[in-house]
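To start, the structure itself, in C-alpha cells.
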Ligand SMILES: C[S@@+](CC[C@H](N)C(=O)[O-])C[C@H]1O[C@@H](n2cnc3c(N)ncnc32)[C@H](O)[C@@H]1O
C-alpha cells in the first residue's frame, strides 16, 4: 500500500472509532476486509490510528473537523507535512482537499494543544503541579517498549546478549535494575526465543519500579490481590523466589497466568474469590487497583476520551473497598501496598489519606508518583504498615 492508501485506511478506521466502535475492533474489521494489506501496512495503519487517538483534540483543531479525514489532515499539519502529497484522489488515496478544508483548522492552545479533556485539566494541574503540561505533552507520543529481565532465568547481561543474538537491541533502563528499553526490534519480542523461554517479560519500566519499591524478601507470604494478567505477581515471585498467590475479582483475567508462570519458572498459585476472604494471614498484600489508567494513555489512548468525573467517583469507592478488604488479610507487622497506573491524586494520595483516616494505627512507609517524565508510564505506589500493639 502507498502512504496515501494507508492514510485512507486510517481515515476509514477512525470514522468507525468516532462512531463508537473500539479501535481494536475497527482495525480488525478493516484488516479482514483488506486481505491485500501486508503486516507492514497493518502496523502502519495501526500507528496512524493510535497517534490520531492520542492527539484527538489537537489534530481535530489543526484539521478543522473531528472526523477521520480531519484527524489525519490535522496530524499532517501538526508534523509539518504537506497534505497535498496524501490527499491526491489517485488510486486508493483520500480525495483531494476541498477549498473549505484547505482554509480550515486552527492552531490549538491550552488543554486542547495538550490533548487533555477540558474537564480533567484542572484536576491534572492540582495533581501534578508544574509537571502537568510536560506530562500531558509526553502522553501525545507513543511509549517505548520495555522488558523485565526475569532474574529466575537470566541476568540482565545474559538477557541483553540473548536478545541481541535475535537482532533485538536493548539498553538498561534507569527506573529499575531489571528494566530494559527496546531500541530496535520491539515488534519481534513476543516471537523471540528470549521471550518464549522466559528470560524476559514485556513490562513497563515504572511498573517494575513499583515492584522494586516493595520490601519483598525471600520466604515472605505474598498475595497479589488484583493480579489481572499477573505482570506484578510474576515480578514479585522473581524477587521472593515464590510462591506468590494471585487473586482477581474476575478470575478470567488470570487465565494466561499459569502459562506465563511456567515460561518464567515462577511459582504462582491462583486464589479464587470464594477463598480470598478466609486466606492469610499474609506478610505482604499488593493492591494494584482498577483505576483511570491515566498514566498509560500513551499505550491505551482511548481511555483518555472515555473517562468521566462520575467514573472517577465510582473508582474511588472501589479503591477504598479493596484497600479495606486487603488490609484485613495481613498478619501482625504485615505490609499493605497500594498501586495505580494513575496520575490523579484523587486515585492516589487522596485514597491513602482516606484509608489512614478510616484505619488509625497504619502509617505510610514509602510513597512515590512516577510520571512519563521519569521514562516509563505514570504509576503511583504507597507502602503501609500497621504499628504492632503490645
Ligand atoms: C490494574 S489491573 C491489575 C494489573 C496487574 N496487577 C498487572 O500488573 O498486570 C486491576 C485488576 O483488578 C481487578 N479487580 C477489580 N475489582 C476488584 C476487586 N474488588 N477485588 C479484586 N480485584 C479487582 C480487575 O479485574 C483487574 O484485573
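The values are calculated or read from the model by the stated rules, or taken from the named source; none is laboratory data. Everything numeric in this text was worked out from a predicted model, so none of it was measured. Ideal geometry is used to build each Cβ from the backbone, glycine not excepted, and the neighbour counts take in all protein chains shown.
Structure values in brief
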read-out: Residue selected from the range 234-256 under the condition touching a residue at least 40 places away in the same chain (Cβ under 8 Å) and near the ligand (Cβ under 9 Å from one of its atoms), by the criterion nearest to residue 210 (Cα to Cα); value: 235
read-out: Condition check for residue 344: modelled with pLDDT of 95 or more and not in a loop (DSSP other than H, G, I, E, B); value: no
read-out: Segments classed as strands (runs of 3 or more DSSP E), wholly inside the range 156-226, with at least 1 members that are within 14 Å of the ligand (Cβ to nearest atom) and out of contact with any helix residue (DSSP H, G or I) (no Cβ under 6 Å at 6 or more places or on another chain); value: 200-202, 222-224
read-out: Qualifying positions in the range 311-341 - within 24 Å of residue 294 (Cα to Cα) and not in a helix (DSSP H, G or I); value: 336, 337, 338, 339, 340, 341
read-out: Test result for residue 259, within 21 Å of residue 149 (Cβ to Cβ), more than 8 Å from the ligand (Cβ to nearest atom), surrounded by fewer than 21 Cβ atoms within 10 Å (Cβ to Cβ) and assigned by TED's automatic domain parsing to the domain that holds residue 373; value: yes
read-out: Tally of residues being in contact with a strand residue (DSSP E or B) (Cβ under 6 Å, 6 or more places away or on another chain) and in a loop (DSSP other than H, G, I, E, B) across the range 140-149; value: 2
read-out: Pair list, Cβ < 6 Å and 6+ apart or interchain, from the range 319-333 residues that are more than 15 Å from residue 282 (Cα to Cα) to residues that are near the ligand (Cβ under 10 Å from one of its atoms); value: 319/289; 322/287; 322/289
read-out: In the range 262-276, residue surrounded by the most Cβ atoms within 10 Å (Cβ to Cβ) [restricted to those that are away from the ligand (no atom under 11 Å from the Cβ) and not in a loop (DSSP other than H, G, I, E, B)]; value: 264
read-out: The range 166-180, residues that are touching a residue at least 24 places away in the same chain (Cβ under 8 Å) and surrounded by fewer than 19 Cβ atoms within 10 Å (Cβ to Cβ); value: 166, 174, 177
read-out: Selection status of residue 228, outside the structural domain of residue 179 (by TED's automatic domain parsing) and more than 19 Å from residue 326 (Cα to Cα); value: no
read-out: Exclusive hit being within 22 Å of the chain's Cα centre (by Cα), exposed (fewer than 14 other Cβ atoms within 10 Å of the Cβ) and more than 16 Å from the ligand (Cβ to nearest atom), set 353, 309; value: 309
read-out: Members of the range 278-299 that are over 25 Å from residue 363 (Cα atoms) and crowded, with 18+ Cβ neighbours inside 10 Å; value: 292, 293, 294, 295, 296, 297, 298
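The rows are residues; the columns are (1) surrounded by fewer than 17 Cβ atoms within 10 Å (Cβ to Cβ); (2) at pLDDT 95 or above; (3) touching a helix residue (DSSP H, G or I) at 6+ places or on another chain (Cβ under 6 Å); (4) within 24 Å of residue 138 (Cβ to Cβ).
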{"residue": "50", "(1), (2), (3), (4)": "no, yes, no, yes"}
{"residue": "80", "(1), (2), (3), (4)": "yes, yes, no, yes"}
{"residue": "94", "(1), (2), (3), (4)": "no, yes, yes, no"}
{"residue": "98", "(1), (2), (3), (4)": "yes, yes, no, no"}
{"residue": "108", "(1), (2), (3), (4)": "no, yes, yes, yes"}
{"residue": "114", "(1), (2), (3), (4)": "no, yes, yes, yes"}
{"residue": "118", "(1), (2), (3), (4)": "yes, yes, yes, yes"}
